[in-house]
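Throughout, read-outs are computed from the coordinates displayed, never taken from laboratory work. Everything numeric here is computed off the predicted structure, so don't read it as measured data. Cβ coordinates were reconstructed from backbone atoms using ideal geometry, including for glycine residues, and neighbour counts include every protein chain displayed.
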Amino acid sequence: GAGSDGPYEGMRFDIVKPNTEDALITSKGYDQKVVIRWGDPVIPGAPEFDFDNQTPEAQAAQFGFNNDFAGLIPIADQPGHSYLVVNQEYTTEQFMFRGYVEKKPTEQQARIAMAAHGITVLEVEESDRDGSLTPVIGSRNRRITAGTPFRLTGPAARTDLVKTSEDPTGTVILGTIANCSGGITPWGTMLSGEENYNNYFSNAGKVTDKTAAKHLERYGFEDDADYHQWGQFEPRFDLAKTPNEANRFGYVVEVDPADPKSTPLKHSALGRLKHEAATVHVVKDGPAAGTVVVYTGDDERFEYIYKFVSSRKIKEGDKRHNMGILAEGTLYVASFSSDKPITVDGAAGSGTWHKLMTVAPDGTATSHIKGMTAAEVAVFTREAADKVGATKMDRPEDIEPHPVTGKVYAVLTNNSKRGVDGKPGVDATNPRNENKNGQILEITDDHAGESLTWDLLLVCGDPKEADTYYGGFDKSKVSPISCPDNVAFDSHGNLWISTDGNALESNDGLFAVALDGDRRGETKQFLTVPRGAETCGPIIQDKRVIVCVQHPGEEDDHSADNPASHWPDGGSSQPRPSVVSVWRSGGGAIGV
Ligand code: FEO
Ligand code: CA
Ligand code: CA
Ligand code: CA
């Protein structure tokens, strides 16, 4: 181990160098094991995975495709057992079916894809011997798919904006799709962000009503974006037939894993956007103590950062009360400024949260936007945010409050269009045009209030380049990081970052970053994932690191007929998105 002047606890591991291996490479002296792969049984009675004979019924009982967020929620009264909750974000049909013709699914293929989306709740058991986790295939498990009923809460519920012929009440929505990252609440539920849901709807071009067409355009609905073509088989995904169905996706959803029969929720009080994630901070002191603050970003170029401040306070042990918290509160959007010249090196400034709408504890909803009702703010949140001068960011991905310091880390993954073709140019928080590598914004927030200060912790990219910044740490001693996406914290207070889309010609991976003291900005790579994959869903426990390996082998000019990866099963096998557990060989804490 390193001496007291070496890396901080949690970061005392050998770095993994950039590479392009078709393997998950961990730091030296660590072991790994797949927890679950696409197609593995989840529900009792589910068949074993059979790539060439997949069915919608089998898929609905098996682990879905393209795992993104992962969380672990301990099971009460059963030490060593947890609910592993995982998002299954999207499908790439060309990697799921041999001979697939782009945008031309058979009905069977489309229905397999629908069943491969959503969320999995899986009971896992910790090993006594090592850091592996073993699935328990029993009655606690659940698959939520593109067809599972949800209940809509908040100002959008029961309004004409969300009513359809199948749901004249405007409260029951079938399915969750495009679930990217998420969060775990203090009351033991999972939050999940519906992100690129515009890629599932056909015939946007046939919507002739000018107002409806304008709303669809603001959210990126266009016929070219419909990769999945579900509208051929389910009219609700055909905007020419069911235009309001578009307004029923784009929410933060909440799932109670402890009640597999419960109806999951979609919370419109947190707004409708391309939610990457939703993470919770509970105010500890002062008159606002017990107020729940949820941070969420809209992952598209030039979109915004939001927060929700609850009207209710948390009641410990009262899950029924707490599961109503996200239905009532105030939604804000952020703007950032600085007195300094734009720089990557030591950038800092202040900011303001702008009120968009409020739901009072009695359920009354008020809009703070002239010309928009509260329901309109809840459904067309981007348009409300456009009106208050929010700052257009470089693709907000995960945003997460530090469990000890309360500082909020907002990941801005990249923005190739910044300063290009008449698009907005640089600003203090987004300091590079044609931003290929992304940056991490560190926010000191008045959580329940309206002001903040900020600085840039990392301006990512090749540390040899002048336009990068690693928290002031010696750049000759860091692992290069590019395209940060998800963040988590270890118990020592270090930030861990997973990447997606590494622009430095190496595979994606997982990094630890020191936040304080002399070593602030020290960045060390702990693992890399196989070719074509992104790293996501990191969970950093004292004795275990869990990562989701999403879309292994997803490279141009490859398909199930010509796989670019054979991970995790090797040989000539098809690649399978999987969750992996990593631990220290022979036991011991991670990075200590
Ligand atoms: Fe699904 Fe924003 O990544
Ligand atoms: Ca992401
Ligand atoms: Ca996270
Ligand atoms: Ca991403």
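General remarks:
- Filtering region 503-518 to residues that are buried (at least 21 other Cβ atoms within 10 Å of the Cβ) and of a type outside the set (A, V, I, L, M) leaves Asn507, Asp508, Gly509, Phe511.
- Those helices (runs of 4 or more DSSP H) of region 310-411 in which at least 1 residues are among the polar types (S, T, N, Q), considering only elements entirely within it, cover 319-322, 381-386.
- With respect to (1) crowded, with 17+ Cβ neighbours inside 10 Å; (2) under 20 Å from Glu450 (Cβ atoms); (3) touching an Asp or Glu at 6+ places or on another chain (Cβ under 8 Å), the lone exception for Glu397 is condition (2).
- Positions within region 401-426 being touching a Leu at 6+ places or on another chain (Cβ under 9 Å) and within 15 Å of ligand 4 (Cβ to nearest atom), in sequence order: Ala410, Val411, Leu412
For (1) away from ligand 2 (no atom under 16 Å from the Cβ); (2) over 19 Å from Tyr304 (Cα atoms), each residue gets a yes or a no:
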position: Glu166; (1), (2): yes, yes
position: Gly170; (1), (2): yes, yes
position: Ile184; (1), (2): yes, yes
position: Asn196; (1), (2): no, no
position: Tyr200; (1), (2): yes, yes
position: Ala212; (1), (2): yes, yes
position: Tyr219; (1), (2): yes, no
position: Glu222; (1), (2): yes, yes
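- Note on region 446-479: residues that are free of Cβ contacts under 8 Å to residues at least 60 places away in the same chain and either within 17 Å of Tyr295 (Cβ to Cβ) or under 23 Å from the mean Cα position of the chain (by Cα) (or both) total 3.
- Residues that are among the hydroxyl-bearing types (Ser, Thr, Tyr) and either crowded, with 19+ Cβ neighbours inside 10 Å or in contact (Cβ under 8 Å) with a residue 24 or more places away in the chain (or both) within region 524-579 comprise Thr528, Thr535, Ser559, Ser565, Ser578, listed in sequence order.
- Inside region 557-581, residues that are more than 17 Å from Pro135 (Cβ to Cβ) and of a type in the set (A, V, I, L, M) make up a count of 2.
- When the strands (runs of 3 or more DSSP E) confined to region 483-577 are screened for residues that are within 16 Å of ligand 3 (Cβ to nearest atom), those reaching at least 2 such residues are found at 484-489, 495-499, 509-513, 534-540, 545-550.
- Looking at region 117-189, the strands (runs of 3 or more DSSP E) lying wholly inside it that each contain 1 or more residues that are more than 16 Å from ligand 3 (Cβ to nearest atom) and farther than 19 Å from Met323 by Cα sit at 118-126, 133-136, 142-144, 172-174.
- Being within 16 Å of ligand 2 (Cβ to nearest atom) and touching a residue at least 12 places away in the same chain (Cβ under 8 Å) holds for only one residue in Ile369, Ile399, Ile443, and it is Ile399.
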